[in-house]
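The values are calculated or read from the model by the stated rules, or taken from the named source; none is laboratory data. Just so we're clear, the structure is a prediction, and the values are computed from it rather than from any experiment. Every residue, glycine among them, receives a Cβ derived from its backbone with ideal geometry; neighbour counts consider all protein chains shown.
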């Protein structure tokens, strides 16, 4: 059973004006489940500015390469087609042909040029795409509406136990603008994203270069702060579309409205990041590491990430063990600049280590904090004014069982 996270209301990618979506069950996995949704289509009614942040793994899936090439042209995008159940990674030249065929099929079904379509896949690596079923699924998913945000979020799931959706609204110059989002990923999650797909839509009007700048900053603050197991996938993709249907304002970099848009995108992605780690494979508890007092933001983020991905910290969380020494040790190997006599660590708001020495804290209260669905870990390095955070989760026997049996 996955950890609970505060409910998010909204219809995800369909929340902004001018976006519709559809989902279909195509039995991509070939397991005979003809009811499980596994094809998703997102459509903007008007061509949209687009941006993307993709895996840094040297091994890149065919859909990642195709979508990167499409975005580099800088032309508007009108749709995204996604499948789950097959990663289309390490599949040779045929994999690239199949990814292009998915774009063509979506284009045909939606009366678009294939160059207006991005493609994403997630699932098992190294298996040929069952293209007849995939193409039939794309045609079925092309029956779009503006209330299928939950359905398309389910269609992109693999080992997830629930869909992840979020949205945010802000006002400017008499108009309300909306940002919507959805994501999937429960394992192979690590900074620089991982087997994570995330999609953000907005009815704000912004250029593709400005959207790319915004998306990279937001990714570094949110989705790149998640670590479940230290593995990074060939498929991870974060795609944003902005169609301008919400109003006439052009959101230009360096302006107040652009800041409001960036804040809204960050709120959506931060919610998605927490939902991802709360639904991590086999986990019932997750945690947030907040590092303050660092020399710079890069060091703060790295220190938080090293703690979040530490197997010993994850094991302590699983056992409800207030072993703060593991946190301090992880900080020490993070490469962040600090001296132990100025460092402090807290668990659940209770200081357990300060100025280089243990604090006489009530460990029973700390144990209780460690057994909550969400645990907050604080670390002050005492070396500056910068801060950063990361998300992590316990690592359990169930995680091993899920991944031992994944392809079967």
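Descriptive notes on the structure:
- Of all the listed residues (313, 345, 307), the sole one being in contact with a strand residue (DSSP E or B) (Cβ under 9 Å, 6 or more places away or on another chain), buried (at least 19 other Cβ atoms within 10 Å of the Cβ) and not in a helix (DSSP H, G or I) is 345.
- The listed residue being surrounded by fewer than 24 Cβ atoms within 10 Å (Cβ to Cβ) and touching a strand residue (DSSP E or B) at 6+ places or on another chain (Cβ under 8 Å), out of 134, 119, 124, 179: 124
- Hits in segment 54-105 (condition: surrounded by 22 or more Cβ atoms within 10 Å (Cβ to Cβ) and either free of Cβ contacts under 8 Å to residues at least 24 places away in the same chain or assigned to a strand (DSSP E or B) (or both)): 54, 77, 78, 79, 80, 81, 82, 83, 84, 85, 86
- Segment 159-179, residues that are assigned to a strand (DSSP E or B) and closer than 14 Å to residue 40 by Cβ: 164, 165
- Residue among 383, 336 that alone is more than 30 Å from residue 164 (Cα to Cα), over 29 Å from the mean Cα position of the chain (by Cα) and assigned to a loop (DSSP other than H, G, I, E, B): 383
- Yes/no for residue 48 being over 15 Å from residue 234 (Cβ atoms), buried (at least 24 other Cβ atoms within 10 Å of the Cβ) and free of Cβ contacts under 8 Å to residues at least 40 places away in the same chain: no
- Residue in segment 354-367 that is touching a helix residue (DSSP H, G or I) at 6+ places or on another chain (Cβ under 6 Å) and either buried (at least 16 other Cβ atoms within 10 Å of the Cβ) or assigned to a strand (DSSP E or B) (or both) present: no
- Entry remark, segment 141-173: residues being over 15 Å from the mean Cα position of the chain (by Cα), at pLDDT 95 or above and under 25 Å from residue 259 (Cα atoms) number 5 in total.
- The set of residues in segment 137-158 that are buried (at least 19 other Cβ atoms within 10 Å of the Cβ) and assigned to a loop (DSSP other than H, G, I, E, B) comprises 142, 144, 148, 156, 157, 158.
- Positions within segment 201-226 being at pLDDT 95 or above and in contact with a helix residue (DSSP H, G or I) (Cβ under 6 Å, 6 or more places away or on another chain), in sequence order: 201, 204, 214, 218
- Residue check for residue 26: assigned by TED's automatic domain parsing to the domain that holds residue 134, touching a helix residue (DSSP H, G or I) at 6+ places or on another chain (Cβ under 6 Å), in a loop (DSSP other than H, G, I, E, B) and crowded, with 24+ Cβ neighbours inside 10 Å: yes
- Of the residues making up segment 180-196, at least one is part of a strand (DSSP E or B), closer than 30 Å to residue 315 by Cα and at pLDDT 95 or above.
- Residue within segment 271-285 that is surrounded by fewer than 24 Cβ atoms within 10 Å (Cβ to Cβ), more than 22 Å from residue 150 (Cα to Cα) and modelled with pLDDT of 95 or more present: no
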